[in-house]
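Single-structure report; data block below.
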Amino acid sequence: MKYSAEQGYQHDRQAKLGILLTNLGTPDEPTKKGLKPYLAEFLWDPRIVEPPPPRAVWWLILHGIILQFRPKAKAHDYQTIWGKFGPGAPLLDITLAQAEGVAQRLKARFTHSPIEVEIAMRYGNPSMAKGLDALRQKGCERLLVLPLYPQYAAATSGSTWDALADALKQWRRIPDVRFVSHYHKHPGYIQALANSVKEYWAEHGRPDKLLMSFHGIPQRYLDNGDAYHCECHATGRLLAEALGLSKDDYLVSFQSLFGREEWIKPYTDATIKSLPAQGVKNLHVICPGFSADCLETVEEIDAENREYFMESGGGTFHYIPALNSRDDHLDALTDIIVQHCQGWPEVAIPYDQHSDEQERHAIRERARAMGCPF
């Protein structure tokens, strides 16, 4: 194997701290052509679909059946949300805004520290390898990876770790690496969620019930030890406490089922359909597991499930937007980053820029004395 190296290395270059914010990903365009490679990459990941061996059987099902029909159907769904939060895919546009906001906050907090922020997507573009390489070419020798999944799941945070490892296996020089696997109980994250609900209620009034809908996973993943289910309920409980809700005021459910096997329950769509008959006529839904609005929130919840509620006899349906690039959300993400970077020089206060420059100058001179041209 030929290992890759950063370009234009200089002995006196400034070592930097790189922050990589990651999310699930999105197709490059809302078309069948754009969806097919994205879905192929997504559904071939063994963290996403764990079929019984041999894998060859799943490959035949995926390429022979699913990818012949699903891209066209999903392309229509993506077309309904494209451009709602920027020029393109909501998840990408919002993640870029989040990265910019976090970078601004880090710069304000650590004025002279060399810190770089990039984004990457687990599937699609910009890829994990591209995001990591962008930080490498900027001279980042320390790396913090923050997947924007508050609750850990093997299919999200675990898969991101796989992609991180696969990319770094190609590098000649491996940076110091730290990885945030979850932040489902972080006080700033919980407070941002609570603030968003309180602000929404101040404008629209309180509902009969608050439904907290999280992305689902197959039941067997939970049975095999995935922590996701427990962390979703922990987030739900903490958010309810921050809002002063009783057990009768809210529900936790799970959405986005795929395939025929049993997933963790209760299902969001079935729950929403059942609520009007229980006297719930005014329903608000929030998706605390999504750090940014995307297909699963804008189209699945605010369109598809809204329709289910109204057709079942509901009166008023409100979707409370994801935290996206709210100031309190970006503050929380910045706090999480700083917390996990403790001990690294870039987050020391004050950052000793003078000593760093002196040390880099000395390294350069020693290298030149040994005949190194760079």
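Descriptive notes on the structure:
- The value of relative contact order for region 187-320, using C-alpha pairs under 8 Å at least six residues apart, is 32 percent.
- Take 128-138, 105-115 and order them by the average number of nearby Cβ atoms within 10 Å per residue, most first; the result is 128-138, 105-115.
- Hypothetical label at GLU262: residues of region 215-254 whose amide nitrogen lies under 13 Å (7 Å Cα-Cβ projection): 218-224
- The stretch between GLU100 and TRP44, if pulled fully straight at 0.36 nm per residue, gains 17.0 nm over its current Cα-Cα span.
- Within region 325-367: backbone nitrogen closer than 13 Å to the ASP12 label point (7 Å, Cα to C-beta): 357-367
- Extending 7 Å from Cα along the Cβ direction at MET310 and again at ASP249 yields two label points whose distance is 2.8 nm.
- Positive minus negative residues near TYR308 (Lys, Arg vs Asp, Glu; Cβ under 11 Å): -3
- Set LYS209/LYS273; LYS33/LYS72; LYS84/LYS130; LYS36/LYS84; LYS84/LYS198; LYS84/LYS185 screened for pairs whose C-alpha atoms are more than 18 Å apart: LYS84/LYS130; LYS36/LYS84; LYS84/LYS198; LYS84/LYS185
- Amide hydrogen neighbours beyond the local backbone of ALA227, cut-off 5 Å, H modeled: ALA154
- For the peptides 345-354, 312-321, the ranking by packing is 312-321, 345-354, with the highest mean count of neighbouring Cβ atoms within 10 Å listed first.
- Whether region 83-185 is rounded, prolate or oblate, judged on the alpha carbon gyration tensor where a/c under 1.5 counts as rounded: rounded
- Overall form of region 41-80 per C-alpha gyration tensor (a/c, 1.5; a/b vs b/c): oblate
- By the rule of a C-alpha distance below 14 Å, with chain neighbours fewer than 8 residues away ignored, the aspartates and glutamates paired with LYS32 are ASP77.
- Sites ASN195 and ARG368, calculated FRET efficiency, Cβ-Cβ separation with R0 41 Å, nearest 0.05: 0.15
- Remark: the chain carries a charge dipole of roughly 900 debye about the Cα centre, counting +1 on each Lys and Arg Cβ and -1 on each Asp and Glu Cβ.
- Fully extending the segment from HIS204 to ALA242, taken as 0.36 nm per residue of separation minus the present Cα-Cα distance, adds 11.8 nm.
- Gaussian network model of the chain, Cα within-10 Å springs - most flexible of ILE81, ILE217, ILE65: ILE65
- Between amide H atoms placed 1.01 Å from N, distances below 5 Å from TYR250 occur with LEU210, all of them 5 or more places distant or on a separate chain.
- Amide H contacts of TYR351 (H built 1.01 Å from N, under 5 Å, at least 5 apart or other chain): HIS112
- Estimated [θ] at 222 nm from DSSP helical runs (n ≥ 4, -39500 (n - 2.57)) normalised by residues in the chain, nearest 500: -13000 deg cm²/dmol
- Under the Karplus curve 6.51 cos²θ - 1.76 cosθ + 1.60, θ = phi - 60°, whole-Hz ³J(HN,Hα) for region 336-344, x wherever Gly or Pro sits: 4, 4, 4, 4, 7, 9, 4, x, 8
- Residue by residue, region 109-114 carries 3J(HN,Hα) couplings of 7, 10, 3, 9, 6, x Hz when phi is fed to the Karplus relation 6.51 cos²θ - 1.76 cosθ + 1.60 (θ = phi - 60°); x denotes Gly or Pro.
- Positive-pole candidate from SER274, PRO37, TYR189, dipole of the chain, charges at beta carbon: PRO37
- Table column - 3J(HN,Hα) (Hz), region 320-326, Karplus curve with 6.51, -1.76, 1.60, x for Gly and Pro: 8, x, 5, 5, 6, 10, 4
- Total formal charge among the other residues, if their Cβ is under 9 angstrom from that of GLY25, Lys/Arg +1 and Asp/Glu -1: 0
Every number here is computed from the coordinates shown, using simple stated rules; none is lab data. Everything quoted here is computed from the prediction, not taken from an experiment. Note that each Cβ is placed from the backbone with ideal geometry, even for glycine, and that neighbours are counted across all protein chains shown.
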